[in-house]
1. Mind checking which residues of region B:217-246 are in contact (Cβ under 8 Å) with a residue 60 or more places away in the chain, within 8 Å of chain C (Cβ to nearest Cβ) and open to solvent by less than 10 Å² (accessible area, probe 1.4 Å)?
2. Hey, C:Arg123 hits all of (1) facing chain A (nearest Cβ under 10 Å); (2) at pLDDT below 90 but one; which does it fall short on?
3. For region B:337-360, what are the residues that are open to solvent by less than 20 Å² (accessible area, probe 1.4 Å), in a helix (DSSP H, G or I) and at the interface with chain A (Cβ under 10 Å from one of its Cβ atoms)?
4. For residues in region A:231-251 being in contact with a Gly (Cβ under 7 Å, 6 or more places away or on another chain) and within 9 Å of chain B (Cβ to nearest Cβ), which is farthest from A:Lys58 (Cα to Cα)?
5. Can you find a residue that is part of a helix (DSSP H, G or I), touching a residue at least 24 places away in the same chain (Cβ under 8 Å) and buried (at least 19 other Cβ atoms within 10 Å of the Cβ) anywhere in region A:64-76?
6. Mind counting the residues in region A:80-105 that are surrounded by 22 or more Cβ atoms within 10 Å (Cβ to Cβ) and farther than 15 Å from A:Ile263 by Cβ?
7. When residues of region A:252-275 are filtered for being at pLDDT below 90 and away from chain C (no Cβ under 11 Å), how many remain?
8. Among the candidates B:Pro177, B:Pro139, B:Pro167, single out the residue that is closer than 30 Å to C:Phe167 by Cβ and not β-branched (Val, Ile, Thr).
Amino acid sequence: MTMRVDLPEETLAGVLAKAFGNRSFLIGFAITLLVAAVAILSFIWTPYDVTRLVIADKTQAPSPAHWFGTDHFGRDILSMIMVGARNSIAVALVAVGIGMGVGVPLGAFAAARGSLADEALMRVNDLVFAFPALLSAIMITAIFGPGAVNAIIAIGIFNIPVFARVARAGALAIWPREFILAARAAGKGMTQISVEHILPNIATLLLVQGTIQFALGILAEAGLSYVGLGAQPPMPSWGRMLFDAQTRMVTAPWMAIFPGMAIVITVLGLNLLGDGIADILDPKSRRRR
Amino acid sequence: MKLWKTILAAAVLTFAAATSAFAARTDLVIGIPLEPPHLDPTAGAAAAIDEVLYANVFEGLTRIGPNGEVLPDLAESWAISDDGKTYSFKLHTGVKFHDGSGFSADDVKFSLDRARADNSVNAQKGLFAQIDRIDVVDPVTVKITLKNSQGSFLYNMGWGDAVIVSPKSADTNKEKPIGTGPFKFQNWAKGSSITLVKSDNYWGAPVFLDKVEFRIVPDAAAAVPALLSGDIQAFPFFDPDSVSQVKGDPRFHVVIGSTEGETILAINNKKPPFDKLQVRQAISFALDRKAIIDGASAGLGVPIGSHMSPANKDYVDLTGLYPHNIDKAKELLKEAGLEKGFKATLKLPPPSYARLGGEIIASELREIGIDLEIVPVEWAQWLDQVFTKKDYDLTIVSHTEPNDLGIYSRKDYYFNYDNPAFDTIIAKLNLTSDETKRKELLGEAQKILADDAVVGFLYELPKVGVWDAKLQGLWENAPIQANDLTKVKWTE
Amino acid sequence: MTAYLLKRLIIAAVTLVLASMVVFAVMEILPGDPARLMLGFNASADQVELLRNQMGLNAPFVLRYLHWASGLLSLDFGRSYTYSVPVIDLVRERVVVSLPLALIALALSTAIAIPVGVFSAGRQGRAGDALAMGAAQLGVAVPNFWFALMLIYLFAVWLRLVPAGGFPGWSAGAWPAVKSLLLPAVALALPQAAILARVARSALIEVLNEDYIRTARAKGLPYRAVLWRHALRNAMIPVLTILGLQFAFLLAGTIIIENVFYLPGLGRLVLQAINQRDLIVVESIVMLLVAAVIAVNLLVDFSYAVVDPRLRGRQ
């Protein structure tokens, strides 16, 4: 008996061809790539130094010298958005990492074990979901103090049940399949099966959920920074830029418009990317949130 | 877009014109930044209590006027004995508390005795320290005898902490304040607003407003749109940083006045390396006061070189002592053996002068190698960590009490500053009443603080008031933190 | 069905108890001594100790939890440290702002999302669908507080149609009160509506592909009728699930939005209370919000039973 590996039947070339035919994917991918490139670029070059305050140049309207204008400390908004991208991506990425790293093994374990372990996991999930995420994130940062690290933890914690749930649901659907039964018959253990067979098969689901959570993470980070509980100055962050902007909307609206657009575009790009991936790899799957 | 706006605006205007009343308005919504913890000015130091109640609900024997002068209030006149120790106050007749009970000399004795009692919770017991005894001569005459003559006694009796309360309501004033003023308390929606209404049986000149709502607006971000949309018609203590948003708008009257607030970069003088004079002086040299004032207070505010308001008659200009000089600062750090720089924290309370000033100062100190971690804290944490436990390196705060040079000689104060020479001067000062001698001593005291670079002296906090241009009678300066509404009226 | 309902009920109760333990434990580790906060910073250590005893702060952890939890059951939340009034009074003042706000937002979100979802599903793949879903995609990406700022400046500052913030109180009349909740509700609702519209659309499309819908259409029922009458009802399960989740999101969203518009609601109270270390208020409101979320989820579970015939038939 040959073991059929349950990978998508299509070849890589086929997937690529589909990807290039998928509008969501293309736009999303392009935007995400752009944001990532800008963030990386900011490590080696920004138009201006964002740690230097030039009070004399404060709240200047967009001009050839400062494309997006300057903020209340005379810093270049474009440069700050570039560096802020770094912060947003880092926070959201690590938060997704925490969620996947803890949530996926939990979900896979619950699905493999079933009964008591499964029930326990679902109850803990219920518990976490009962706390409005933002409220809890505010509480966590209020306890441990504001800062990027605590924001990551606060957002990460709420990614755990999300991934646990997705992993569990995906795994549950795969366990009864024939090739798993075959693997069990071959004497493979629960952990081995989970790693070798279940995980590759739910990878698509996790990838799609990952992009969604990444986008939500960026929104959450912006929200926390906006109420002053995220990254602290002098580290620029998009949410904080909006906080600084809101008292100056009348005289310096560019301070609010550009960082806000940076958030919208990044989140939009990630969501489109997620949609696209879901369409390409599994046309039947629909995204639920 | 433009056309749409015009059409919409026209529609709105027509609607507004049709509904607006023709008589002058008699209601007012005032924005205040902080909510009072309770409503008894005789039992708490929070400025927010006075901002709502002083002169409006509660009155004292005397009161402080818009420019810091002492005016008669419940006492229509007084006589002072030749030795300056005995004050006879003649009280107004026909005064009633808001609960209908009458006011007499007994209430004065009750209030002041209560304030100076051993178990008193009055936040400014020092105001009453010189009172020896209080005698009720007749229902409209009170005689107060002092232990020593005190030039500031009449001024002291004008503080919010010295207002007259009724024995009947003294214990419930925190929730339901009952005073003798032209406005009586109506409602307190916690966290939102406090409403006062005109008192019908007021003894003095009638006020123009029927109803005043103090709306609590902690964020400057919310203050600007509330003002622009007309929801709130006056912010007597407006965030200076936001003033550019309304300046030049003919609908508003923007008033830049003075306060008694010395804004300082406070330094923990006992904590290494800040215990080294060179380090503190290096910090003073690294500060660019103009940039700080421009960036944190919209360019308003006068630089200071020591702990004294430039408006004070005893002020000595010491701003030239530490001009902005990065090289000098670096040199001093090198002398202190810290040429490589060091790390420290900067704890910032909520006001914008602190949060914005903090970012600027952090950037300025980075230039001489001091790497500051900014830690934003709420007032409760600031009081706990910085003020009480002295667990801090640097912080920014504005000391708004008038004539508060003495805090630098307090042994347990959060600066952790200890200089016997300075203490001697303050001790002498407390026993000196001669004006020229006082001026000399105060000058010396300011000089010592500046020489020691005890803290980074930044600037005198401006008082920025913004209100509807049709509103008249609000205070332009802030000799004390108060919103006296007795003369306020709409001019249309 | 009774068994199903009973199970959901028990789960909800267990979750609530666990949540209360978590909340209490978290508040325990928050720094700051409430007794000292109440007395101010001139109080002596003895005074503080006395008050700690009076407030029961020195009792063992478990006892304090039981005391607190039993208080919650009888709606006795204790007294606020900063305002020294019963917490329930504060909550009562605030709930009349937050609840209407969340409900208006929820209603608005549903009222926008369902028609858009139906519209899009009916034109799947055509220009109208692409446009609507493009807008929804954009809506999902907009942070609600940024949207709120833009709304304030457009409608309150620029056009001056509605108040920029604040709440006149219901005593000022229903219309002024509702008017001041309009912008915040829109700011809260639109991003949620975008999500909901997408869910409604995809749920509908799935249902539309099912056999019985094809049968209904084969019988000659007009497409619109099929869509609204048959398909929508059967697409309700995912829509309800999202609605339940969104309620929690809306409640939490009020924290930021109430601060943008300085509405005196629960969200602002909780943020103020956190800042002032008024732990008892924080505990109480977090518990209330959690209880509301659990209750709504229970309601959603129950409504599954109503709309899903399969679940109804199950014993």
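The values are calculated or read from the model by the stated rules, or taken from the named source; none is laboratory data. Please read all numbers here as calculations on a predicted model, not as lab measurements. Cβ placement follows ideal geometry from the backbone for every residue including glycine, while neighbour counts extend to all protein chains displayed. Only protein heavy atoms, including side chains, enter the accessible area calculation; ligands, DNA and RNA are left aside. Shrake-Rupley method; radii C 1.70, N 1.55, O 1.52, S 1.80 Å.
1. Within region B:217-246, B:Val217, B:Ala226, B:Ile232 meet the criteria.
2. Against the list (1) facing chain A (nearest Cβ under 10 Å); (2) at pLDDT below 90, C:Arg123 comes up short only on (1).
3. Scanning region B:337-360 gives B:Leu356, B:Gly358, B:Glu359, B:Ile360.
4. Ranking the qualifying residues of region A:231-251, first place goes to A:Gln232.
5. Taking region A:64-76 as the starting set, the residues that turn out to be part of a helix (DSSP H, G or I) are none.
For region A:64-76, residues part of a helix (DSSP H, G or I), touching a residue at least 24 places away in the same chain (Cβ under 8 Å) and buried (at least 19 other Cβ atoms within 10 Å of the Cβ): absent.
6. 6
7. So the count comes out to 1.
8. Numbers: B:Pro139 fails: closer than 30 Å to C:Phe167 by Cβ; B:Pro167 fails: closer than 30 Å to C:Phe167 by Cβ.
Of the residues listed, the single one that is closer than 30 Å to C:Phe167 by Cβ and not β-branched (Val, Ile, Thr) is B:Pro177.
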